[in-house]
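The values are calculated or read from the model by the stated rules, or taken from the named source; none is laboratory data. Because the structure is predicted, anything quoted here is derived from the model rather than measured. Note: ideal-geometry Cβ built from the backbone for every residue, glycine included; neighbour counts use all protein chains shown. Protein only, heavy atoms only, side chains kept; ligands, DNA and RNA dropped before computing areas. Shrake-Rupley method; radii C 1.70, N 1.55, O 1.52, S 1.80 Å.
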Amino acid sequence: MTKLNIDGKEIDVPPEYTLLQACEAAGAEIPRFCFHEQLSIAGNCRMCLVELVGSPKPVASCAWGVRDCRPGPKGEPPAVNTKTPMVKKAREGVMEFLLINHPLDCPICDQGGECDLQDQAMAYGVDASRYQENKRAVEDKYLGALVKTIMTRCIHCTRCIRFATEVAGVPELGAIGRGEDMEITTYLEHAMSSELQGNVVDLCPVGALTSKPYAFAARPWELTKTESIDVMDAVGSAIRIDSRGREVMRILPRLNDDVNEEWISDKTRHVVDGLRVQRLDQPYIRSGGRLRPASWPQAFQAIAAKLKATRAERIGAIAGDLAAVEEMFALKDLMTRLGVGNLDSRQDGTALDPRWGRATYLFNAGIAGIERADALVIVGSNPRKEAAVLNARIRKRWRMGHFPIALIGEQADLTYPYDYLGAGPETLAEVGAGRHRFAEMLKAAERPMMIIGQGALARPDGAAVAALAARLALDIGAVKEDWNGFCVLHTAAARVGAFDIGFVPTGPGRGMKEMRRAGALELAFLLGADEIDIAPGAFVVYIGTHGDLGAHRADVILPGAAYPEKSGLFVNTEGRVQMATRATFPPGEAREDWAILRALSDVLGRRLPYDSLAALRTALFKAHPHLQRIDQIVPADAADIRKLADRGGTPDKMPFQPAIVDFYLTNPIARASAVMAECSALARGNAAATAAE
C-alpha cells in the first residue's frame, strides 16, 4: 500500500491505483468524461484535473498512477488537492472548451435529465462563454437499427471506440480527422454487428449516441424505475426496467460484477416493443376450428370437462424457457395431485437430468470464475450468440493475457482467437486421449475450464456426449478440490430452476420427445412452451403471453404475465438464485401464471394450498431450501461429475450443431418485436455480405 495525502486526509491505497481512484477512495468527487472503469485509459477529456503538489501544472488524475507520485522534500507522502482555486479554474476552462461547439440541444435531446455534460456543466462550469464564433456541424452517421447519432454533440471522449474494440471485440468504430475535424464513424457507414452495441448509448456522456427505438419516447423523470433480472438468456443479467403507467418504456443495465458487470445484450435492452404487441389479454377457446374469446369460468370448465374424460397417464405438462420457478412449482404440484408423471422442461431436448446431480448441469466455476481460469475449451457452444455478456467476460480474460482457448463444434467469430480442434464428439475423445496438442496445454493449466453448450447436449446421443465431456474434464484436471471447471452453458432462463425443483418425468412418466409424438397425450398443459409443436390429436391448454406457436396450437388459451409483469425467482446458469421484480401489470384479463394455476386447481377439484405468492414461496422454500438464498450460489458436489463420467456411452460422429441460429429471435417476446426483426434482417445481410466477400 502507498500513503497519499488527499485534501489534507492521509489514506493508504494500492500502488496500481490511478490518482482518480485514490481521490475517490478518499471521498473526493472527480468529474470525468473519457475515463471508465471497464475501459482503457485515454486521458483526452482533461476534466479530471487535480493539483499534485510539486507539479508545475494540473495533472490528469485518470492517467497519473499513484506509484508515479514523488514524496515531498522531507519524505512526506505525496499531496493531492482537488478543491483549490487552481483546480476550480482548470476545470472551468476545460468545460468552456467542451462547450465551444456543443449545440444547445438540451430541450430536444434524449439524454436530457441524465446527461453527464449537463450535470458537470452545472457543477464545474461557468455561466457564460467568451466565444462568439459559429459552432461546428458534423454529419450524423448510420450505425444500424439500435444506435441513433447526433454527432454535432460529440465531445470526442472515445468511450464508444474503446468499448467496441476492447469489450465487444468488434472494432467497427474509429476516429478520422484531427482536432476540430475529428469524427467518430464506422468508416464505411454500415450497421454495427456486435450483440452488445447498445451499451455505447449508456457509455456516451453526452447525447451524441442515443437509443434509436427509444427516441423521443419519454423523459427520465417521468419513469418508474424497477430493479429486476433479465430472462432473454440464462446469464441472469441485472437490469433496471423503466416504465410509465402500465407500459415498459426501456430496459437498462445494473451493476453486478459477479454476473454482467455493467453490460447487457441488445436483445435484453431492445426487446421492449415485443411486450406491447401480439399479447394475449383474454382467454380463448377453440370452437369449430377457430379460437374465440371466452370468460375465465368458461375456459376453466372446458379444461375440467376434458380432464374428467382423460386418464392421468394420458396427461402431460411442459414448461417453457421463460417460466419462473414459482409457476413451475405450482404446475408440478397440480400435476402431482392429479397423478400425472409426464412432466418436462427441456424444450430443446437436452439430455441433462437433475437426477444425475446438480454439478452436472451448472456452470460450476461461476461467470466471474472465468477470470480465474487459465485455459478454456468450448464444446458445442457459440457463447457469442448463446450468452453475449458471458462471451465478453471470456474476451476480457483473454485480453488479460496467457489464456489459450480451443473450440470443438461449428466454427464462428467469437471476438477472440482460438484453436479450432474439430467438429464433433470424436474430437472430444481425441483430446481426452491426449492425441491433440491442446490436450497438453489443458493438463498443464492450473485451473482449466470446459464450457459445454446445448449444441453438444441437445441431440439423441447427448447423454453419451455429457459423459465423454465429464471424463475429459477429469482427465485434464478441471475438477479438483478447490476448482470445478466443468461448466454447462444453458440458453433458457428457466432451465436451471426447473431442474432444481425436479420438473422432469417422474416414475414411468414420459419426457419431452415421447409427449410430442402422435397419440402420446390426450391433454397437454403448455406453460409458455413456444419452441415445440405437439402432434395433432391432443387437447392443448396454453398458459402464455403472446400469440406464438404455443397459442396457435392451443385449444384453450389462458393469458399469463410476461417477466416485467410478475415477481418471480429465476436461477441462472451458474446456479445463482435471482429475484425478478414486477414493474408493470399484465394487459386486459391476463393474470400471473401461478394465480391462474391456483384458480384452475379449484375447478379441477385439486385445490393448491396457497392463496398468495408469499404462501407459495413458503411451500417452495420448504421443499427446496436453497432457493431462498437470493443472489447466492449453493456449491454443487463435484462427485456428481465423476458419476456422470462413469455412465459411459458411445456418441455418434455427427458434428455439433449450434443451439441458437438467430440471436435476435429466440423466444416469443423477441419474435413479436419489430426492432428484433430488423436486427435479425441486418445480421443476415451482414452474414451474406461476409460470405460474398
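Counting only residues that are in a loop (DSSP other than H, G, I, E, B) and without any contact (Cβ under 8 Å) to a residue 24 or more places away in the chain, which one in region 274-293 is most open to solvent (accessible area, probe 1.4 Å)? Step through it out loud before you land on a result.
So the first thing to find is which residues in region 274-293 are in a loop (DSSP other than H, G, I, E, B), and the list is 276-278, 280-283, 288-289.
From what is left, the residues that are without any contact (Cβ under 8 Å) to a residue 24 or more places away in the chain are 288-289.
Details: Gly288: 81, Gly289: 57 Å².
By that ranking, first place goes to Gly288.
Name the single residue that is nearest to Val147 (Cα to Cα) among those in region 198-215 being of a type in the set (S, T, N, Q) and open to solvent by less than 10 Å² (accessible area, probe 1.4 Å).
Residues of region 198-215 of a type in the set (S, T, N, Q): 199, 210-211.
Now drop any that are not open to solvent by less than 10 Å² (accessible area, probe 1.4 Å), which leaves 199, 210.
Numbers: Asn199: 9, Thr210: 6 Å.
Among residues in region 198-215 that are of a type in the set (S, T, N, Q) and open to solvent by less than 10 Å² (accessible area, probe 1.4 Å), the one nearest to Val147 (Cα to Cα) is Thr210.
Name the residue, out of Ala636, Ala645, that is at pLDDT below 95, part of a loop (DSSP other than H, G, I, E, B), farther than 21 Å from Gly544 by Cβ and open to solvent by less than 50 Å² (accessible area, probe 1.4 Å).
Selected residue: Ala636, the only one of Ala636, Ala645 that is at pLDDT below 95, part of a loop (DSSP other than H, G, I, E, B), farther than 21 Å from Gly544 by Cβ and open to solvent by less than 50 Å² (accessible area, probe 1.4 Å).
Which numbered condition in (1) in contact (Cβ under 8 Å) with a residue 40 or more places away in the chain; (2) of a type in the set (D, E, K, R); (3) touching a Lys or Arg at 6+ places or on another chain (Cβ under 9 Å); (4) over 17 Å from Leu98 (Cβ atoms) is the only one that Asp140 fails?
Checking Asp140 against (1) in contact (Cβ under 8 Å) with a residue 40 or more places away in the chain; (2) of a type in the set (D, E, K, R); (3) touching a Lys or Arg at 6+ places or on another chain (Cβ under 9 Å); (4) over 17 Å from Leu98 (Cβ atoms), the one that fails is (1).
Looking at region 498-518, is at least one residue part of a strand (DSSP E or B) and not small (Gly, Ala, Ser)?
As a first pass, look at region 498-518 and keep what is part of a strand (DSSP E or B): none.
There is no residue in region 498-518 that is part of a strand (DSSP E or B) and not small (Gly, Ala, Ser).
Can you tell me which residue in region 539-580 is surrounded by the most Cβ atoms within 10 Å (Cβ to Cβ), limited to those that are without any contact (Cβ under 8 Å) to a residue 40 or more places away in the chain and in contact with a strand residue (DSSP E or B) (Cβ under 7 Å, 6 or more places away or on another chain)?
In this case the residue turns out to be Tyr542.
Which of the residues that make up region 616-631 are under 22 Å from the mean Cα position of the chain (by Cα) and either among the charged types (D, E, K, R) or exposed (fewer than 13 other Cβ atoms within 10 Å of the Cβ) (or both)?
Hits for region 616-631 are Arg629, Ile630, Asp631.
Run down Asn256, Asn260 and say which single residue is within 30 Å of Ile367 (Cα to Cα) and either aromatic (Phe, Trp, Tyr) or surrounded by fewer than 24 Cβ atoms within 10 Å (Cβ to Cβ) (or both).
Answer to the check: Asn256.
Results for (1) in contact with a Cys (Cβ under 7 Å, 6 or more places away or on another chain); (2) over 27 Å from Pro625 (Cβ atoms); (3) free of Cβ contacts under 8 Å to residues at least 24 places away in the same chain; (4) in a strand (DSSP E or B), shown as yes or no for each residue.
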residue: Glu440; (1), (2), (3), (4): no, yes, yes, no
residue: Met449; (1), (2), (3), (4): yes, yes, no, yes
residue: Ala467; (1), (2), (3), (4): no, yes, no, no
residue: Ala493; (1), (2), (3), (4): no, no, no, no
residue: Ala529; (1), (2), (3), (4): no, yes, no, no
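Can you name the residue in region 153-195 that is polar (S, T, N, Q) and open to solvent by 30 Å² or more (accessible area, probe 1.4 Å) and is also farthest from Met676 (Cα to Cα) among such residues?
Result: Thr165.
Pick from Leu421, Leu442: which is of a type in the set (A, V, I, L, M, F, W, C), crowded, with 22+ Cβ neighbours inside 10 Å, over 17 Å from Ala368 (Cβ atoms) and more than 18 Å from the chain's Cα centre (by Cα)?
Every option except Leu442 fails the conditions.
Every residue in region 408-425 that is touching a residue at least 40 places away in the same chain (Cβ under 8 Å) and charged (D, E, K, R), please.
If the condition is that a residue be touching a residue at least 40 places away in the same chain (Cβ under 8 Å) and charged (D, E, K, R), then Glu410 is the only one that fits.
Might you check whether a residue that is of a type outside the set (A, V, I, L, M, F, W, C), within 25 Å of Cys154 (Cα to Cα) and in a loop (DSSP other than H, G, I, E, B) occurs anywhere in region 5-27?
no
Take region 334-371 and flag every residue that is basic (Lys, Arg) and buried (at least 23 other Cβ atoms within 10 Å of the Cβ).
Filtering region 334-371 for residues basic (Lys, Arg) gives 337, 346, 355, 358.
Answer for region 334-371, where residues must be basic (Lys, Arg) and buried (at least 23 other Cβ atoms within 10 Å of the Cβ): just Arg346.
Looking at (1) within 30 Å of Val200 (Cβ to Cβ); (2) buried (at least 19 other Cβ atoms within 10 Å of the Cβ), can you tell me which one Leu4 breaks?
Unmet for Leu4, out of (1) within 30 Å of Val200 (Cβ to Cβ); (2) buried (at least 19 other Cβ atoms within 10 Å of the Cβ): (1).
Anything in region 115-147 that is farther than 30 Å from Ser680 by Cα, open to solvent by 50 Å² or more (accessible area, probe 1.4 Å) and part of a loop (DSSP other than H, G, I, E, B)? List them, or say none.
Val126, Asp127, Ala128, Ser129, Arg130, Tyr131, Gln132, Glu133, Asn134, Lys135, Ala137
Can you confirm whether Gly455 is outside any strand (DSSP E or B) and over 28 Å from the mean Cα position of the chain (by Cα)?
no
Name the residue, out of Ala433, Ala412, Ala423, that is within 30 Å of Thr666 (Cα to Cα), aliphatic (A, V, I, L, M) and in contact with an Asp or Glu (Cβ under 9 Å, 6 or more places away or on another chain).
Exactly one residue qualifies, and that residue is Ala423.
As an exercise: evaluate Gly507 against (1) closer than 23 Å to Asn382 by Cα; (2) at pLDDT below 95 and give the number of the one condition it does not meet.
Here Gly507 meets the rest and fails (1).
So which residues in region 219-253 are among the small types (Gly, Ala, Ser) and open to solvent by 10 Å² or more (accessible area, probe 1.4 Å), if there are any at all? Steps first, answer last, please.
Initially, region 219-253 is screened for residues among the small types (Gly, Ala, Ser), giving 228, 234, 236-238, 243, 245.
Once the filter is applied, which keeps residues that are among the small types (Gly, Ala, Ser) and open to solvent by 10 Å² or more (accessible area, probe 1.4 Å), region 219-253 yields only Gly245.
Pick from region 593-609 the residues that are part of a loop (DSSP other than H, G, I, E, B) and open to solvent by 10 Å² or more (accessible area, probe 1.4 Å): which of them is nearest to Phe300 (Cα to Cα)?
Of everything passing the filter in region 593-609, Leu604 is nearest to Phe300 (Cα to Cα).
How many residues does region 85-109 contain that are part of a loop (DSSP other than H, G, I, E, B) and closer than 21 Å to Tyr17 by Cβ?
0
Can you name the residue in region 50-83 that is under 36 Å from the mean Cα position of the chain (by Cα) and part of a strand (DSSP E or B) and, of all such residues, is surrounded by the most Cβ atoms within 10 Å (Cβ to Cβ)?
Here the answer is Ala60.
Leu613 - would you say it is over 24 Å from Leu569 (Cα atoms), of a type outside the set (Ser, Thr, Tyr) and in contact (Cβ under 8 Å) with a residue 12 or more places away in the chain?
Here the answer is no, as Leu613 does not meet what is asked.
If you take the residues in region 308-319 that are under 39 Å from the mean Cα position of the chain (by Cα) and not charged (D, E, K, R), which one is most open to solvent (accessible area, probe 1.4 Å)?
Here the answer is Ala312.
Quick one: is Ala317 among the aliphatic types (A, V, I, L, M) and under 24 Å from Arg510 (Cβ atoms)?
Yes, satisfied.
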